[in-house]
């Protein structure tokens, strides 16, 4: 395999991760039929911690010490994103959550400009405006999803907050992923979110969705938890930490632009979400804003 081919391997890997994360919107809806939002976060992240433990090798103490502060910083952003997302998913459809996840890329562009001195030209500004227009469009009252589910304003706002936190996580992973020991860096993130999710579960007092009934640990629920804990969390966060810093910012933006498309299609194909004209147009505006932002970042220096 030549150099031209191998340099695009991280792009392919991250694209596969985007597909996995997009499907997790639907899988999470299945798990949330039995578990509380915070209970699901705690459970999936403790499973992910157990999966990553075997990869802590060599001078484990030194690696954990080196990755402590970068891992905790990224963990705060990741944990906030997951908690807001799980809470928001109880009031939004899977396709809506996926469409709002498209805000991550314009927010990454804005965060890169504010915190890291990245270039922010007129095309990036236009992309942000298009994304905002997309939010307004998909938030406009309309028919909801299958089975009578609808998108509430509270759920939408929680998902927007989640996308903002995830954007911060993307920036932090790109910032620290190059130098931090990957297994230790991943472990600190997972442990922090698992602990926060556990505390939130204890404070709320509910691990099950309905505290009056015991959880039915069906095969469907166990498969959903395994998918979320092992594939979407342990593998997803670990591989993201390893490959994301190898991808140029422009390409990174374009890859993340696929998430709202994948999520909307998964919600439509797997859960029967109705993609109304408003949602379709709003999603198109968000994706268009992402693409315009990426074009600005891809322009060569003059």
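The values are calculated or read from the model by the stated rules, or taken from the named source; none is laboratory data. Owing to the predicted nature of the structure, the values given are computational and were not obtained by experimental measurement. Using ideal geometry, Cβ is built from the backbone for each residue, glycine included, and neighbour counts are taken over all protein chains shown.
Being at pLDDT below 70 and under 19 Å from residue 151 (Cα atoms) is true for just one of 254, 275. Which residue is that?
Checking each option against the conditions leaves just 275.
Going by the conditions given, is residue 106 within 24 Å of residue 168 (Cβ to Cβ) and surrounded by 24 or more Cβ atoms within 10 Å (Cβ to Cβ)?
yes
Here are 136, 170, 199: which of them is modelled with pLDDT of 90 or more and either outside any strand (DSSP E or B) or crowded, with 18+ Cβ neighbours inside 10 Å (or both)?
199
Given the options 99, 130, 83, 72, name the one that is modelled with pLDDT of 75 or more, more than 26 Å from residue 46 (Cα to Cα) and in a helix (DSSP H, G or I).
Just a single option satisfies the conditions, and that option is 130.
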